[in-house]
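Notes for the one structure printed next.
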Amino acid sequence: MLSIFWGGHPTALKAALPYAPPIRQGWMRFLLSGIIIFLWSRYNNISLKVERSEVFPLFKLGMLFSVQLLFLNYGISKTTVASSVILNSTYPIWVIILGPMFIKSDKFTFLKFIGVVVAYCGIIVTYFDSLDNSAYLLGNSFCLISGFLLGVRTIYLAKNSDSIAPMKLLMAQAVFGTIVFLGLSLLIETDPYKISMILVWSIIYQGAVVAGFNFIANIWLLKNYKPSQVTVIHLSQPIFGIIIGWVVLNESIGWAVVLGSFLVILGSFLVRKNVKKV
């Protein structure tokens with residue numbers, strides 16, 4: 001279920017681009033998610049008061065997520081849904097590479113090495129679709145950077161998940177994201193504001209479903225499993241993302257997309273074969 005919801009994010013954003021540019025959609029998403037998180041916390045008597053020891057970790061996570069989503073949103077606007085979801089879904093590979101450097105129990109094994117190599121082949125194949133289109137090439141590069149930053153964030157969150165309450169983290173992301181995206185949008189996006197039900201439903205999907213339910217579930221998983229173990233739950237995300245983009249936006253699915261997604265998923269699957277529960 002999480003993979004389906006995350007897989008639908010690029011399509012939701014891209015469908016609303018005629019009515020709102022990518023950064024503007026970002027602050028709308030963060031604002032809505034912040035309102036939902038605040039109301040949910042009040043309803044369940046969950047304190048959002050930040051202790052002094054939590055300020056710096058929340059600041060780093062909030063800013064890291066804002067930068068990661070900035071690359072992702074802008075990247076999606078410049079490339080296809082299929083390419084964006086494949087390249088952003090490479091974050092498990094970055095977790096596998098970087099995880100052992102920071103988490104002693106997350107060992108780098110030969111099978112994980114093979115998985116990384118296979119997944120990198122998938123990245124290279126996916127880039128074939130953008131070699132003759134500079135806009136696609138830029139978009140693909142931004143989505144790949146987003147995948148890397150998401151991997152870094154996953155590792156940092158795993159190391160600090162015991163000391164930060166999940167709702168405080170989600171609220172910090174919402175606050176920092178709203179500030180960063182709103183500021184940048186006012187500075188560089190000059191498109192006139194438009195009202196559309198497509199935009200409304202897109203923001204509801206991005207803010208309530210993706211930034212709400214999915215992230216709460218993901219934080220719970222990181223509290224109970226290794227980072228490399230959590231990432232394999234999303235193996236099917238590229239498949240759902242490609243299918244949703246094809247059905248909703250009528251995007252074509254070429255050989256590079258099919259082969260690239262297969263290799264990325266296969267690489268992540270090989271990694272999964274060698275992880276154990278904490």
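The values are calculated or read from the model by the stated rules, or taken from the named source; none is laboratory data. Source: prediction; values computed, not measured. Reconstructed Cβ throughout: ideal geometry from the backbone, glycine too, with neighbour counts over all protein chains shown.
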Q.
Go through the stretch 244-278 and report how many residues are modelled with pLDDT of 75 or more, crowded, with 18+ Cβ neighbours inside 10 Å, under 20 Å from the mean Cα position of the chain (by Cα) and hydrophobic (A, V, I, L, M, F, W, C).
A. 5
Q. What pairs can you find where one residue is in the stretch 18-38 and in contact (Cβ under 8 Å) with a residue 12 or more places away in the chain and within 13 Å of T190 (Cα to Cα), the other is among the charged types (D, E, K, R) and surrounded by fewer than 18 Cβ atoms within 10 Å (Cβ to Cβ), and their Cβ atoms are less than 6 Å apart, with a gap of 6+ or different chains?
A. Y19/K194; P21/E189; P21/D191; I23/E189; R24/E189
Q.
I'd like the full set of residues that are assigned to a helix (DSSP H, G or I), surrounded by fewer than 22 Cβ atoms within 10 Å (Cβ to Cβ) and not basic (K, R), limited to the stretch 35-54.
A. I35, I36, F38, L39, W40, S41, Y43, S53, E54
**Q.** Filter result (in contact with a helix residue (DSSP H, G or I) (Cβ under 8 Å, 6 or more places away or on another chain), assigned to a helix (DSSP H, G or I) and among the aromatic types (F, W, Y)) within the stretch 55-112
**A.** F59, F65, F71, Y74, Y91, W94, F102
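Please give the helices (runs of 4 or more DSSP H) falling wholly within the stretch 131-222 in which 1 or more residues are within 23 Å of G241 (Cα to Cα) and polar (S, T, N, Q). Break it down into steps so the answer makes sense when it comes.
Details: elements: 134-160, 166-188, 197-204.
Per the criteria, 134-160, 197-204.
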Q. Which of (1) aromatic (F, W, Y); (2) at pLDDT 80 or above; (3) farther than 30 Å from A256 by Cβ does F102 not meet, given it meets every other one?
A. (2)
Q.
Conditions first: (1) at pLDDT 80 or above; (2) loosely packed, with under 15 Cβ neighbours inside 10 Å. L111 passes all but one, so which condition is the exception?
A. (1)
